[in-house]
Amino acid sequence: EASTNVGEEIDYTITGIEPGAGITQATDDTLSEYENLAGWEQEISSTAAMLTELENAINNEEPIIVAGWSPHYKFAKFDLKYLEDPKGVYGDVEYIGTIVRKDLKEEMPEAYTILDRFQWEADDMESVMLDAQNMDFEEAAQQWVDENQETVAKWTEGVDPVDGTSIELVLTPWDTERSSANVAKIVLEQQGFNVTLTPVDPAVMFKAIATGDGDASLAPWLPATHGAFFEEFEGEFDDLGENLIGAKIGLVVPTYMDINSIEDLEP
Ligand code: PBE
């Protein structure tokens, strides 16, 4: 029996997300680096639109290929798999890092110490993301902080309280980063900081920290997803290393689809 041509069924289109996302660039790179994807396109729209299309396809058991990432609740909600990426365009398992502006250590040592210690697991982030399906992120983050006082105490141990110092955290506009930023906001506010959260595109996020317009960010996905921005501004910010290990991006399909690798796709 001849295998069905998935490409034809989905109009040779990968369902992407926002234009400024690192994964959008990685998907464009994938389309140009895999010869079998000649003629394929990425449909760029929004995360919400991608999730709606994914859900519709699954409800009808139709084929679909989306630009996907984890941690994300879509893996808990649906049966999904990553397509193998033998050329490694999407990178391997990643970490989410913390970067701060150059003078933060000197000017706000209390915040620097807490941000430097801020580290959690994919499960923690996922629980905030999942709760935030039914409440706002601030509430979900507060719930996580209430339930994880021991972890929070390790981040804040021995740090002096401050009296209303303003600090601006720059994030990117995805649920993963809304989760970490809102948890960091609550922890810093408990310490006496006055915290502003500013969501921007990844390129703007790196630039804001490099120029000192923003104080810190827990949002870089590295080494691949935001690697080009990281390199562009390297040396102009302080790199505090990972805050979460085990992130991933790639092409994601429902498990009922009979393909396993990007190389299985036909031109
Ligand atoms: N994401 C989620 C973002 C970073 C966090 C994978 C959609 C991106 O591609 O830039």
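The values are calculated or read from the model by the stated rules, or taken from the named source; none is laboratory data. The model shown is predicted, which means the values in this text are computed figures rather than measured ones. Backbone-built Cβ (ideal geometry, glycine too); neighbour counts: all protein chains shown. Surface accessibility is based on the protein's heavy atoms, side chains included, excluding ligands, DNA and RNA. Shrake-Rupley method; radii C 1.70, N 1.55, O 1.52, S 1.80 Å.
For the reader, a short list of remarks on this structure follows.
- Among Tyr256, Tyr12, Tyr112, the residue with the largest mean-square fluctuation in a Gaussian network model of the chain, with springs joining Cα atoms closer than 10 Å, is Tyr256.
- Normalised by the number of residues in region 94-247, the mean separation of alpha-carbon contacts (under 8 Å, six or more apart) gives a relative contact order of 43 percent.
- Principal-axis analysis of the Cα atoms of the chain puts helix 122-131 at an angle of about 90° to the longest axis.
- All-pairs alpha carbon distance profile, region 94-247, 10 Å steps from 0, percent: 12, 45, 36, 7, 0
- Taking amide H atoms as placed 1.01 Å from N in the peptide plane, the amide H of Ala247 lies under 5 Å from those of Glu94, Tyr95, Ile96, each 5 or more residues away in sequence or on another chain.
- Rolling a 1.4 Å probe over the heavy atoms of the protein chains gives the chain an accessible area of 46 Å² per residue.
- Amide H contacts of Lys81 (H built 1.01 Å from N, in plane; Pro and chain starts excluded): Val253, Thr255 sit under 5 Å, all sequence-distant by 5 or more or on other chains.
- Working value for the chain: equivalent-ellipsoid semi-axes of 37, 20, 14 Å, each the square root of 5 times a Cα gyration tensor eigenvalue, largest first.
- Separation of region 197-258 from region 10-73 is 19 Å, based on Cα centroids.
- Residue by residue, region 208-218 carries 3J(HN,Hα) couplings of 4, 6, 5, 8, x, 5, x, 8, 7, 9, 9 Hz when phi is fed to the Karplus relation 6.51 cos²θ - 1.76 cosθ + 1.60 (θ = phi - 60°); x denotes Gly or Pro.
- Flagged links, alpha-carbon separation over 22 Å, of Lys154/Lys207; Lys81/Lys207; Lys154/Lys185; Lys185/Lys248; Lys154/Lys248: Lys154/Lys207; Lys81/Lys207; Lys185/Lys248; Lys154/Lys248
- Computed magnitude of the charge dipole of region 94-247 (debye, nearest 20; Cβ of K, R +1, Cβ of D, E -1): 200
- Protein heavy-atom surface of region 94-247, 1.4 angstrom probe: 42% of the accessible area is carbon and sulfur, with nucleic acids and ligands not counted.
- Percent antiparallel among DSSP beta bridges (both partners in the chain, rounded to 5): 60
- GluC sites (Glu not before Pro) restricted to DSSP loop in region 152-214 with at most 14 other C-beta within 10 Å: Glu157
- Its relative contact order, with pairs defined as Cα atoms under 8 Å and 6+ residues apart, puts the chain at 33 percent.
- The angle between the Cα long axis of helix 22-33 and the main principal axis of the chain comes to about 30°, on a 0 to 90 degree scale.
- Long-range amide H partners of Ile17 with built H, under 5 Å: Ser45
- Between Glu234 and Gln133, the contour length at 0.36 nm per residue exceeds the alpha carbon distance by 32.8 nm.
- Against the main long axis of the alpha-carbon atoms of the chain, helix 175-190 sits at an angle near 10°.
- At the residue level, Trp221 shows approximately 10 square angstrom of accessible surface with a 1.4 angstrom probe and all protein chains present.
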